[in-house]
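Below is one structure, written out as structure tokens, with a few remarks after it.
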Amino acid sequence: MSTNHPNQHPQPCPHRAHVLCLSGHDPSGGAGIQADIEALASIGCHALPVITALTCQDTHNVAAVSPQDPDWVERCVRTLAADMPIHAIKLGMLGSAAMAERVARLAAELQQPLIIDPVLRAGGGSALSDDALLLVLRQSLLPAAHVITPNLPEAQRLAGLDSHASADQCAKVLLQLTPAVLITGAHDQTDAVINRLYQRDGSQQQWSCTRLPGDYHGSGCTLAAHLAGLLAQGIALPVACEQALQLTWHSLLNADQAGRGQWLPRRIRPEQSAC
Ligand code: PLP
């Protein structure tokens, strides 16, 4: 007679969806790779976290960035890809143009849905990418993406438009480079936050949510990670966008004021919400 040890599964667990996350590390825990891991875990996915850059920062702003070695990142990605399935790839802060080029080559080999959060600036205002990185994003990464998730200022910069350009105007330019763009509206002046999905086939959806009062750190990372996880689970893009936006809104609603600056999202399921 066999008895099951409490730590032994009689059968292997069904696979969680695996999301390869290429992101920076934020020691405040609000943004970057920690945001990815927490957001993905909250929806039952497994993050494969590969760090592209280290940052020194608090809840106010970024003090320093140390881009990591592209050879090391490539070695990590190849080691993982040889060992286990990867169901989606999520890109956050890349840290250097050399890293972005390397990541573009790896993503082309892996052939999995690529979700890009084009991290250009920290919430506190510091630049997190230079012109060379922006060029690689435009030329090599955006064309390979499944969807990109810029906020309005990021969409304006990626599209090469000024700060008066609307989401519609940005999308018109960006859809020449990439098949789908989810432009978030928290930086817009509207009462409610309006988030818009544009796809190259001409379809367009928008979702509005109540504007929350805080100033948050890591909201973009949280959204893109939720979206990558839902897409990795096989959910169709418009539905995944709607769910990822709702999950992110709940993470912000439950945010902590951990330090003296921006609030940090708490990435929990809505049913666990304290608010
Ligand atoms: N990734 C890292 C490592 C960061 O440090 C930051 C911002 O400081 C971001 C991403 C972008 O954060 P957000 O989601 O607030 O745009």
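The values are calculated or read from the model by the stated rules, or taken from the named source; none is laboratory data. Everything numeric here is computed off the predicted structure, so don't read it as measured data. All Cβ positions, glycine included, derive from the backbone under ideal geometry; neighbour counts span all protein chains shown. Each accessible area value is taken on the protein alone, full model and side chains, heavy atoms only, with ligands, DNA and RNA left out. Shrake-Rupley method; radii C 1.70, N 1.55, O 1.52, S 1.80 Å.
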| task | Scan segment 12-34 residue by residue and report those that are away from the ligand (no atom under 11 Å from the Cβ) and over 12 Å from Lys90 (Cβ atoms). | result | Pro12, Cys13, Pro14, His15, Arg16
| Looking at segment 35-64, which of its residues are closer than 18 Å to Gly234 by Cβ and within 13 Å of the ligand (Cβ to nearest atom)? | Ala39
| said: Quick check on this structure: which one of Val119, Val65 is β-branched (Val, Ile, Thr), closer than 24 Å to Asp215 by Cβ and within 15 Å of the chain's Cα centre (by Cα)? | reply: Val119
| note | Scanning segment 39-62 residue by residue, those open to solvent by 50 Å² or more (accessible area, probe 1.4 Å), of a type in the set (A, V, I, L, M) and either under 13 Å from Val103 (Cβ atoms) or more than 19 Å from the chain's Cα centre (by Cα) (or both) turn out to be Ile51
| said: So for segment 190-203 (the condition being surrounded by fewer than 18 Cβ atoms within 10 Å (Cβ to Cβ) and within 16 Å of the ligand (Cβ to nearest atom)), does at least one residue qualify? | reply: no
| task | Tell me, please, whether a residue that is out of contact with any Ser or Thr (no Cβ under 6 Å at 6 or more places or on another chain), within 13 Å of the ligand (Cβ to nearest atom), open to solvent by 10 Å² or more (accessible area, probe 1.4 Å) and at pLDDT below 95 can be found in segment 256-270. | result | no
| request: Can you work out which of the residues in segment 96-134 that are part of a loop (DSSP other than H, G, I, E, B), touching a helix residue (DSSP H, G or I) at 6+ places or on another chain (Cβ under 9 Å) and open to solvent by less than 20 Å² (accessible area, probe 1.4 Å) is nearest to the ligand (Cβ to nearest atom)? | output: Asp117
| request: Filter segment 154-173 down to the residues that are closer than 17 Å to Ile194 by Cβ and buried (at least 16 other Cβ atoms within 10 Å of the Cβ), then identify the one that is nearest to the ligand (Cβ to nearest atom). | output: Glu154
| field | Residues satisfying the stated conditions in segment 134-170, i.e. of a type in the set (Ser, Thr, Tyr) and either touching a residue at least 60 places away in the same chain (Cβ under 8 Å) or within 18 Å of Gly220 (Cα to Cα) (or both) | value | Thr149
